[in-house]
Amino acid sequence: MSHPEPIPTVRAVGPEEAGALAAFADRLFHETYAPTCRAEDVIAYRTANFTVEELGRELRDPRGIVLLVEVGGALAGYAQLRLGPPPPGVEVEAGQAAVEIARFYVDAPWHGRGVAQAMMRAVRDAAVEHRAGALWLTVWEHNPRAQAFYRKLGFRVVGAQTFVMGEDVQHDHVMTRGVDPLP
Ligand SMILES: CC(C)(COP(=O)(O)OP(=O)(O)OC[C@H]1O[C@@H](n2cnc3c(N)ncnc32)[C@H](O)[C@@H]1OP(=O)(O)O)[C@@H](O)C(=O)NCCC(=O)NCCS
């Protein structure tokens, strides 16, 4: 008899969880970029960004929201959001904010199993709750799986930005969608 997939649950993370989030975010960043980027660049980014102090600061920022997905009580992914003005190409109504999806990571055993969709639904719900008019993100030009996932959920490319990882200046696409329900 086959067992049904456990259901992912999503909740907001508070500053008291900075330690657990830092360790999880650091591991997922390493696993995502170590296969394709220079080790020195990956380490430089990790050292600067995934300390308990830095994550604690980000979690105390009132413009920031971090959503954590768990499956069967184990960490399965996280999305880090920032509320703010939209960049060029991202459309909102006058006076509305946009939600930047600054980080969106699902642990590898859960890729292709609907966890990322559940997390994006929670991101969209958070945007509606905060009266934001659009979601937007940047994705590396050499990350075709993430781009395919975002396109599938209605995001489209509206611009370009650079992302500095160590000494590597990477080219990212800017993608956006409205806050209408996900497909
Ligand atoms: C990006 C991410 C959240 C997507 O979640 P996911 O569960 O893997 O997404 P899905 O499997 O539902 O969708 C990915 C799609 O890309 C396709 N795909 C897989 N590998 C691909 C490749 N190399 N090139 C193009 N498409 C690819 C899949 O077939 C799937 O499309 P389908 O559903 O039509 O078959 C997840 O892969 C992840 O966390 N990756 C590591 C972190 C990361 O890159 N984050 C994004 C930072 S911007």
**Request:** Provide T32, T176 in ascending order of the number of other Cβ atoms located within 10 Å of each residue's Cβ, fewest first.
**Result:** T32, T176
**Request:** Counting only DSSP beta bridges with both residues in the chain, tell me the antiparallel percent, nearest 5.
**Result:** 95 percent
**Asked** Relative contact order for segment 8-177 using alpha-carbon pairs under 8 Å, separation at least 6, rounded to a whole percent?
**Response** 21 percent
**Cβ charges +1 (Lys, Arg) and -1 (Asp, Glu), total dipole of the chain, debye** = 520 debye
**Complete:** Square roots of five times the C-alpha gyration tensor eigenvalues of the chain, ordered largest first and given in whole Å, equal 22, 22, 18
**Message:** Given the -39500 (n - 2.57) contribution per DSSP H run of 4+ residues, what per-residue ellipticity at 222 nm results for the chain, rounded to the nearest 500 deg cm²/dmol?
**Reply:** -10000 deg cm²/dmol
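Rule-based calculations on the coordinates, nothing more; no lab input. Being a predicted model, the structure only gives us computed values, none of them experimental. Positions of Cβ are backbone-derived with ideal geometry, glycine not excepted, and every protein chain shown enters the neighbour counts.
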